[in-house]
Amino acid sequence: MTNTLTIERTSANADAPKPATRRRKPNDRAPWEEPPTPVGQAAKGLTLGVVLLIMVVPLWIVVVTSLSTQAAVTRAGGLVIWPDGITFEAYKVMLEDVTVRNALLVSLGITAVGTLVSMAVSIMCAYGLSRSRSFAHRFLLTLLIVTMFVNGGLIPTFLVVTGLGGYGAWWSLILPSAISVFNILVLRAFYSSTSTDLIEAARIDGAGDWRILWSIVMPTSRAVTAVIALFYGVGYWNAFFNVMLYMPTDSEKWPLQYVLLTYVNRGNGMPGSINSGFGTAFSQTAPLSLQMAVVVLTLVPLLIVYPFVQKHFRTGVLTGAIKG
Amino acid sequence: MTLPAVVLLLVFNYAPLFGLITAFQEYDPLVGVWNSPLAGFDQFERLFGDPLFWGAVRNTLYLSFVQLILFFPIPIALALLLNSVLSQRIRNFIQSVVYLPHFFSWVLAITIFQQMLGGAGALNHFLRNNDIGTWDIMTNPDTFALLVTAQVIWKEAGWGIIVFLAALAAINTDLYEAAAADGAGPWRRLWHITLPGLRGVIVLLLVLRLGNALSVGFEQFLIQRNAVGHDAADVLDTFSFYYGIATGDYSYGAAAGLFKSVISLLLIWGANKLAHAFGEDGLYRK
């Protein structure tokens with residue numbers, strides 16, 4: 001396995017000014033490179049532009065439609081491409097709906113608790129494995145890596161989880177997928193490269209492992225912590241198959257993704273739609289804008305967090321392959 | 001400190017390995033794994049005589065092949081293109097946009113596809129308004145492989161460039177300078193310096209792709225099976241779910257899962273051998 005992400009280490013002197021003598025500014029052409037031809041430039045710009053449009057236009061249409069009035073949706077005969085009568089009506093209806101509100105709370109709760117559990121367990125494990133003198137360290141590392149290639153598969157896992165009473169229990173949405181060995185190995189690679197001198201010095205001063213992890217190792221690896229937390233968080237936020245497995249009938253426990261799948265993607269009516277707000281909402285206001293509002297709702301948390309973490313996806317050299 | 005993680009692995013990864021014994025049983029949920037009668041290889045005999053199973057195998061391999069041909073080169077091309085953009089600011093902007101869909105859920109991605117390309121979606125609306133007829137790709141089993149691959153490209157191709165950008169940044173610029181001084185044009189430099197510089201990564205990813213040839217994604221097929229039908233959308237991973245869990249025929253599904261795991265291990269091992277034969281590292285050094 002290779003760690004494809006190189007994440008910049010936050011070091012003690014991160015704020016120190018960068019050395020003034022750069023070889024060349026990144027925006028300058030190297031002296032030996034030919035000046036670009038206009039045709040080449042245009043082709044390049046056009047290709048990148050089209051790529052960006054393919055990514056952005058669908059999101060734009062979804063957002064605009066979710067903000068449109070019923071009249072605008074009717075005029076457009078479906079999805080709205082240009083804003084034409086902006087209203088937050090769909091969002092108001094959506095947030096007043098019991099199903100969606102429930103699902104939002106469930107999703108936020110599972111994501112928050114799950115990410116905390118995953119991070120705590122992974123950080124501890126990665127730190128333990130990064131100290132090469134720790135107990136049974138080679139053996140445990142092998143134990144971890146084996147699971148990347150060999151696993152029981154869907155049904156044995158399902159039987160174990162339900163055998164432990166996981167059917168319908170909240171923990172079944174968190175614990176079975178709480179750790180990703182890949183993420184632990186990425187963390188471990190970072191912790192292994194923390195200066196041993198610093199750690200030895202702290203140990204002589206009487207710091208225990210917890211203290212070292214908390215005050216030395218973690219502060220120097222904030223960027224990687226943020227990225228791994230995003231990976232875990234996105235995993236929990238996006239999960240829906242575990243709901244299908246472990247609580248397919250408890251519609252009160254459904255997270256947002258499952259609501260999106262059931263009522264938007266599959267277009268199913270709500271069970272007992274007379275009593276549920278969503279059902280009546282579907283029949284009274286702009287259904288399409290309401291559906292698109294649910295789509296946007298599943299996007300919002302990601303869009304809030306993404307910009308803060310995205311800057312850490314620095315691409316650099318491949319850090320050495322993580323080997324067993 | 002490794003204890004909590006090890007416990008989780010033992011319970012949710014290693015215990016299921018022993019649970020694979022259900023594949024050789026006639027598992028009965030009422031009596032549990034310990035008391036279910038053994039069935040030897042009966043489940044496998046059923047499996048190998050089941051046309052639905054072979055359909056899933058065929059779909060899996062076909063989809064793997066289509067993705068290899070259509071998806072694999074795109075991140076490489078995109079990374080090369082992006083790498084040639086000089087302005088750091090534009091590069092950062094494009095990167096942050098193309099990485100984003102990787103973090104979307106499949107439910108979300110497919111909903112977006114449905115809204116854009118589906119029967120009531122934006123594209124068909126446009127086609128109808130201009131009397132060009134309709135183009136129904138979301139529910140057509142014949143073009144399902146292309147649809148799925150397009151979805152994977154939309155969602156993952158941007159994220160896929162990270163590893164290639166990293167490899168590109170690691171190529172020594174002195175090589176380019178020397179080649180330019182010797183009169184090599186941009187295309188020759190691309191061919192003789194850039195692509196050889198990417199060789200290691202490309203081989204590694206090919207090995208992984210071949211080793212995972214039986215894993216073509218799961219949620220994507222689960223969500224779209226209703227729309228295109230099981231003939232086109234059943235793959236090995238969903239087979240275990242639909243013919244194991246959904247029908248309560250646990251041993252049968254476990255047998256299908258075990259079959260897939262064993263073949264996958266062989267594929268990874270074989271692909272790795274292949275990489276070594278090409279003089280590359282593969283997953284681990286020889």
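Readers should treat all values here as calculations from the given coordinates under stated rules, not as data from a laboratory. Only a predicted model underlies this, so the values are computations on that prediction, with no experimental measurement involved. We place every Cβ from the backbone using ideal geometry, glycine too, and count neighbours over all the protein chains shown.
Quote the charge dipole size of region B:102-225 about the Cα centre in Debye, to the nearest 20; the model charges only the Cβ of Lys and Arg (+1) and of Asp and Glu (-1).
Details: 7 positive and 8 negative charges, 28 e Å.
Computed about the Cα centre, the dipole is about 140 debye.
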Just the Cα atoms of chain B, one point each, no solvent: what log10 I(q)/I(0) does Debye give at q = 0.17 Å⁻¹? -1.38
Listing A:124, A:244, A:292 by rising number of other beta-carbon atoms within 10 angstrom, fewest first, gives A:244, A:124, A:292
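Run the numbers for residue B:178 and residue B:93: contour at 0.36 nm per residue of separation, minus the present Cα-Cα distance, in nm.
Values: separation 85, 0.36 × 85 = 30.60 nm, distance 3.13 nm.
The span from residue B:178 to residue B:93 would gain 27.5 nm if fully extended.
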5 angstrom amide H check on residue A:68, placed H, neighbours 5+ away: A:87
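Please give the average number of partner chain Cβ atoms lying within 10 Å of the Cβ of each residue in B:16-23, rounded to a whole number.
Taking all residues of B:16-23 together, the mean is 6.
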Among A:174, A:122, A:288 the positive-end extreme of the charge dipole of region A:92-310 (Cβ point charges): A:122
Per-residue Cβ contact counts at 10 Å, fewest first, order B:87, A:66 as B:87, A:66
Residue A:311: which aspartates and glutamates have alpha carbons under 12 Å from its alpha carbon, excluding same-chain residues fewer than 8 sequence positions away? A:8
Give me the Kirkwood hydrodynamic radius of region B:220-286 in Å, from all C-alpha pairs, to one decimal place? 13.9 Å
Could you compute the FRET efficiency for residue B:273 and residue A:43, with r as their C-beta to C-beta distance and R0 at 60 Å, rounded to 0.05? 0.90
Any DSSP H helix in chain B with Cα axial reach of 20 Å or more and mean Kyte-Doolittle score of at least 1.0? Listed by number, the hits are B:51-70, B:144-169, B:195-211
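Need one number: convex hull volume per residue for region B:149-286, Cα atoms only, in Å³.
Values: hull volume 19.4 nm³, N = 138.
In region B:149-286, the Cα convex hull volume per residue is 140 Å³.
With a 10 Å Cβ neighbour count serving as the proxy for reagent exposure, in which order, fewest first, do B:21, A:228 appear? If you can, show how the numbers build up before the last one.
Details: B:21 17, A:228 27.
Placing the least packed residue first, the sequence is B:21, A:228.
Within the P(r) computed for region B:1-40, what percentage of the Cα pairs occupies the region above 15 Å?
Working: 389 of 780 pairs.
Considering region B:1-40, 50 percent of its Cα-Cα pairs are separated by more than 15 Å.
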Looking only at Cα atoms, what is the convex hull volume of region A:38-87 per residue, in Å³? 80 Å³
Give the aspartates and glutamates whose C-alpha is closer than 19 Å to that of residue B:155, dropping any in the same chain fewer than 8 places away, or say none. B:219
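Roughly how big is region A:129-242's charge dipole about its Cα centre, with Cβ charges of +1 (Lys, Arg) and -1 (Asp, Glu), in debye to the nearest 20?
Value, rounded to 20: 80 debye.
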Given backbone amide H placed at 1.01 Å from N, residues whose amide H is under 5 Å from that of residue B:25, ignoring those fewer than 5 places away on the same chain, are B:39
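Residues of A:32-42, mean number of Cβ from any other protein chain within 10 Å of their own Cβ, rounded to a whole number?
Working: counts 8, 7, 3, 0, 3, 1, 0, 0, 2, 0, 0.
Per-residue shielding by partner chains comes out at 2.
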